[in-house]
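Q: Sending over a structure as structure tokens; questions will come in a sec.
The values are calculated or read from the model by the stated rules, or taken from the named source; none is laboratory data. Because the structure is a prediction, the values reported are computed rather than measured. We place every Cβ from the backbone using ideal geometry, glycine too, and count neighbours over all the protein chains shown. Just the protein is used for accessible areas: all its heavy atoms, side chains included, with ligands, DNA and RNA removed. Shrake-Rupley method; radii C 1.70, N 1.55, O 1.52, S 1.80 Å.
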Amino acid sequence: MSLTSASLRATQHASRRLGALAPVSHALSPPHRGQKRSLNTQPAYEGHVPLNWFEAGFLTVGSALMALANPRRGDMVAALGDLTSGPVLPRLRDAMLESAEGRQILKDRPRVNSHTVDMDKLALLPEGTFGNAYVTWLERCGVTPDTREPVHYVDDPELAYVMQRYRECHDFYHCICGLPVNVESELALKFFEFANLGLPMAGFAAAFGHLRLTHAKRERLFREFVPWAIKCGSSAQSLITVYWEKRWEQNVDEMKKEFGIWDPPEPRWSRPLSEAKAAAAKRQKAAEARLQEASS
């Protein structure tokens, strides 16, 4: 009986010790799979959509198929870009950190749209400046800077901004290279971007986008534009490090020389340059009239 009592007291004592240690061991133990999943699904920034590995894989395949079937589906093209850019974005961010201009971009986090860029002010700049060239390019191509999809599927907020920066500066690349927005010129720029930045989405578009071209256009693309894009893109400065908004008043030719960019083969434009310049001049006169009204 004394042995039984002693065993019972020892068991009760051990139980009390385990009970006291239970909260500590629970706090030190790794979270359950379900707990980790609930933490990871909290958005890291506005518009962020966290995905698990299955969701990311399913959306990657689906967006790739949709982008091939209909390249005008900007949401699917953007989703594929988000989901496949993971290994490259840290390298682009590091390139920005190594450049004074790039570091300033990451600090300021500027956005490019019609609300942040004063088009009237750019129209007043002299011909030959980057700002004037950009306004003229927009007029000639009939596009606006407001068509870029926001980033949703990049988990790290800083890397998400790097992706957004690339996306919103895409038209600057068109402008500085002198390329319109038709299919063959867009593909030429994708080859350039893949050589310059290494983004998988650009490589995907370059590898499969040409299948939608006619034989004659595909032949010219690979004979003339692709050699230019690969050679120029691989040797030029990484364009993700350029603070374009600080260079509106700089001469375009000087910028191209600084970045190591030379003109591509003559592309096919849907609108004559004279019409675009006339439209830009009209915008300039309207901007001057508004300035005079404001000052009077």
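Q: For the range 216-239, which positions are in a helix (DSSP H, G or I), open to solvent by less than 60 Å² (accessible area, probe 1.4 Å) and more than 21 Å from ARG268 (Cβ to Cβ)?
A: LEU239
Q: Would the range 122-145 turn up any residue that is charged (D, E, K, R) and either at pLDDT 95 or above or under 23 Å from SER63 (Cβ atoms) (or both)? Reasoning before the result, please.
A: Kept after step one, since they are charged (D, E, K, R), are these residues of the range 122-145: 127, 139-140.
With the extra rule that they be either at pLDDT 95 or above or under 23 Å from SER63 (Cβ atoms) (or both), the set shrinks to none.
No, there is no match, as no residue in the range 122-145 is charged (D, E, K, R) and either at pLDDT 95 or above or under 23 Å from SER63 (Cβ atoms) (or both).
Q: Within the range 188-215, which residues are open to solvent by 10 Å² or more (accessible area, probe 1.4 Å), under 29 Å from GLN250 (Cα atoms) and in contact with a Lys or Arg (Cβ under 9 Å, 6 or more places away or on another chain)?
A: Once the filter is applied, which keeps residues that are open to solvent by 10 Å² or more (accessible area, probe 1.4 Å), under 29 Å from GLN250 (Cα atoms) and in contact with a Lys or Arg (Cβ under 9 Å, 6 or more places away or on another chain), the range 188-215 yields ALA195, GLY198.
Q: Report yes if some residue within the range 210-233 is aromatic (Phe, Trp, Tyr) and under 20 Å from the mean Cα position of the chain (by Cα); otherwise report no.
A: Within the range 210-233, none of the residues are aromatic (Phe, Trp, Tyr) and under 20 Å from the mean Cα position of the chain (by Cα).
Q: Please note which helices (runs of 4 or more DSSP H) are completely contained in the range 1-114 and include at least 2 residues that are farther than 21 Å from HIS152 by Cβ and at pLDDT 95 or above.
A: 89-97, 100-108
Q: Listed residues SER99, SER63; which is more than 17 Å from the chain's Cα centre (by Cα), open to solvent by less than 50 Å² (accessible area, probe 1.4 Å) and not charged (D, E, K, R)?
A: SER99
Q: Continuing with the same structure: Quickly run through the range 166-181 and pick out the residues that are in contact with a His (Cβ under 8 Å, 6 or more places away or on another chain) and open to solvent by 20 Å² or more (accessible area, probe 1.4 Å).
A: VAL181
Q: List, please: which pairs have Cβ atoms under 7 Å, are six or more places apart or on different chains, and start with a residue in the range 108-134 that is open to solvent by 30 Å² or more (accessible area, probe 1.4 Å) and end with one that is β-branched (Val, Ile, Thr) and in a loop (DSSP other than H, G, I, E, B)?
A: SER114/THR144
Q: Tell me which residues, restricted to the range 153-212, are of a type in the set (Lys, Arg) and touching a residue at least 60 places away in the same chain (Cβ under 8 Å).
A: Answer for the range 153-212, where residues must be of a type in the set (Lys, Arg) and touching a residue at least 60 places away in the same chain (Cβ under 8 Å): ARG165, ARG167, ARG212.
Q: Tell me, yes or no, whether the range 76-84 has at least one residue that is buried (at least 19 other Cβ atoms within 10 Å of the Cβ), hydrophobic (A, V, I, L, M, F, W, C) and within 30 Å of ALA278 (Cβ to Cβ).
A: Looking for residues that are buried (at least 19 other Cβ atoms within 10 Å of the Cβ), hydrophobic (A, V, I, L, M, F, W, C) and within 30 Å of ALA278 (Cβ to Cβ), one finds none in the range 76-84, hence no.
Q: While we're here: Kindly establish whether ALA286 is loosely packed, with under 13 Cβ neighbours inside 10 Å and touching a residue at least 40 places away in the same chain (Cβ under 8 Å).
A: yes
Q: Here's something else I'd like to know. Please give the number of the condition GLU184 fails out of (1) under 21 Å from ALA95 (Cβ atoms); (2) buried (at least 20 other Cβ atoms within 10 Å of the Cβ); (3) acidic (Asp, Glu).
A: It is condition (1) that GLU184 fails.
This table checks each residue for (1) in a helix (DSSP H, G or I); (2) at pLDDT below 75; (3) polar (S, T, N, Q); (4) surrounded by 13 or more Cβ atoms within 10 Å (Cβ to Cβ).
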site: ILE261; (1), (2), (3), (4): no, no, no, yes
site: PRO264; (1), (2), (3), (4): no, no, no, yes
site: SER270; (1), (2), (3), (4): no, no, yes, no
site: ALA281; (1), (2), (3), (4): yes, yes, no, yes
site: ARG290; (1), (2), (3), (4): yes, yes, no, no
